[in-house]
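Just so it is clear, none of the values below were taken in a lab; they were calculated from the coordinates. What you see is a predicted model, and the numbers here were worked out from it, not measured in a lab. Backbone-built Cβ (ideal geometry, glycine too); neighbour counts: all protein chains shown.
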Amino acid sequence: RVLDGLDTAVDAGDTLVSYDPNVRPALIANRDTARTSIERCISAAHLVKASDEDVAYLYPDVPLVAAAERWCGLGATLVVYTLGGDGAVAFGPDGEVARRPGQRIIVEDTVGAGDSFAGGLLAAFPLAYGVIFSALYAPIVAMLLALVFRGVAFEFRWRDPRHRAAWD
């Protein structure tokens, strides 16, 4: 029923649908079944955010670009992969559109990092997505990734021991 609702929203053309598979291998009994379910959700989304680890589990030995091509072929307009400390990369139907390096930071806990990244990405998304996105595809993706990385770097900068008193 949820996917039917998403399909309706996508078909209406006035709702941006984002999806993060948030793969947890320890909770998956059958990788093929999980992949099928995840791909069904991807087919109902415009924006897909996943980690390189998610992709490596779902598609062993498949390069990120090939997985992104598959997901765009299922219907995603934009696929963004987080690469841990190496940053993030974004793909559209025509291939890679943006890549941003990570910044070296002290990380105390990664819980919620992917959700924070996705939240920043969505918060920075232009309200006029449906109207201007196709014309400004690459510049918007580059801007969004830059904003997200600056926000993530700002968040963790305060965890540096030199700033701990201010952070606590």
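With each label point set 7 Å from Cα along the Cα-Cβ vector, what nm distance links L83 and T110?
For the pair L83/T110, the computed spacing is 1.5 nm.
Starting from the Kirkwood radius over alpha-carbon pairs of region 1-117, derive D by Stokes-Einstein at 37 °C in a medium of 0.692 mPa s and give it in µm² s⁻¹.
The Stokes-Einstein estimate is 220 µm²/s.
If you plug each phi of region 98-108 into the Karplus form 6.51 cos²θ - 1.76 cosθ + 1.60 with θ = phi - 60°, what whole-Hz ³J(HN,Hα) values come out, in order, with x for Gly and Pro?
So the J values, rounded to whole Hz, are 6, 8, 10, x, x, 10, 5, 9, 8, 10, 8.
Quickly work out the A123-to-T36 label distance, labels modelled 7 Å from Cα along the C-beta direction, and quote it in nm with one decimal.
About 3.9 nm, to one decimal.
Order these peptides, 81-90, 48-57, 23-32, by their mean beta-carbon neighbour count within 10 angstrom, highest first.
48-57, 81-90, 23-32
Taking 0.36 nm per intervening residue step and subtracting the Cα-Cα distance, what contour gain separates D4 from A56 on full extension?
In short, 15.9 nm is gained.
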